[in-house]
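The values are calculated or read from the model by the stated rules, or taken from the named source; none is laboratory data. Every value quoted in this text rests on a predicted model; they were computed, and no experiment measured them. Reconstructed Cβ throughout: ideal geometry from the backbone, glycine too, with neighbour counts over all protein chains shown. When the accessible area is computed, the model is the full protein with side chains, heavy atoms only, and any ligands, DNA or RNA have been set aside. Shrake-Rupley method; radii C 1.70, N 1.55, O 1.52, S 1.80 Å.
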Amino acid sequence: MQPKNAHGYVRLTEPLVREGDTLRPASWAEALDRAAEGFRRNLKAGPNRLGIFSCSKSTNEMNFLAGKLARVAFGTHNIDSCNRT
């Protein structure tokens with residue numbers, strides 16, 4: 001039986017990866033490798049293919065790290081937040 005949270009929803013206990021139209025359980029190593037490959041694939045077309053969306057309700061430190069990830073790791077200045085709402 002899968003663990004449920006306080007609202008009765010089943011919680012994920014392992015990463016899932018997509019194969020075709022279905023999701024299947026995977027190891028953390030495989031899931032992270034697939035995520036990294038997705039970033040690499042998009043970056044090959046140029047850094048403006050990626051962006052970061054952060055939340056104005058996050059801490060300053062979290063927004064700083066999101067911006068740092070966008071600029072240093074992805075080489076883009078495409079950073080946005082929901083502070084217009």
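Numbers at a glance
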{"read-out": "Antiparallel bridges, percent of DSSP beta bridges restricted to the chain (to nearest 5)", "value": "60 percent"}
{"read-out": "For the chain, calculated [θ]222 nm from helices alone, where every DSSP H run of n ≥ 4 adds -39500 (n - 2.57)", "value": "-9500 deg cm²/dmol"}
{"read-out": "Protection-proxy order for peptides 56-64, 72-80, each taking the mean of Cβ atoms within 10 Å per residue, highest first", "value": "72-80, 56-64"}
{"read-out": "Accessible area per residue in Å² at 1.4 Å probe, computed on region 26-75", "value": "74 Å²"}
{"read-out": "Area of Arg11 that stays accessible when all protein chains are in place (1.4 Å probe, Å², to 10)", "value": "140 Å²"}
{"read-out": "Long-range amide H partners of Thr76 with built H, under 5 Å", "value": "Arg71"}
{"read-out": "Segment Asn42-Asn60, length gained on full extension (0.36 nm per residue, minus Cα span)", "value": "3.7 nm"}
{"read-out": "Neighbourhood charge, 13 Å Cβ-Cβ cut-off, centred on Ile52 and excluding it, Lys, Arg +1 and Asp, Glu -1", "value": "+2"}
{"read-out": "Fraction of accessible area attributable to carbon and sulfur, region 1-63 (%, probe 1.4 Å)", "value": "55 percent"}
{"read-out": "Amide hydrogen neighbours beyond the local backbone of Ser81, cut-off 5 Å, H modeled", "value": "Ser54"}
{"read-out": "Contact order relative to length of the chain, as percent, for alpha carbon pairs under 8 angstrom and 6 or more apart", "value": "19 percent"}
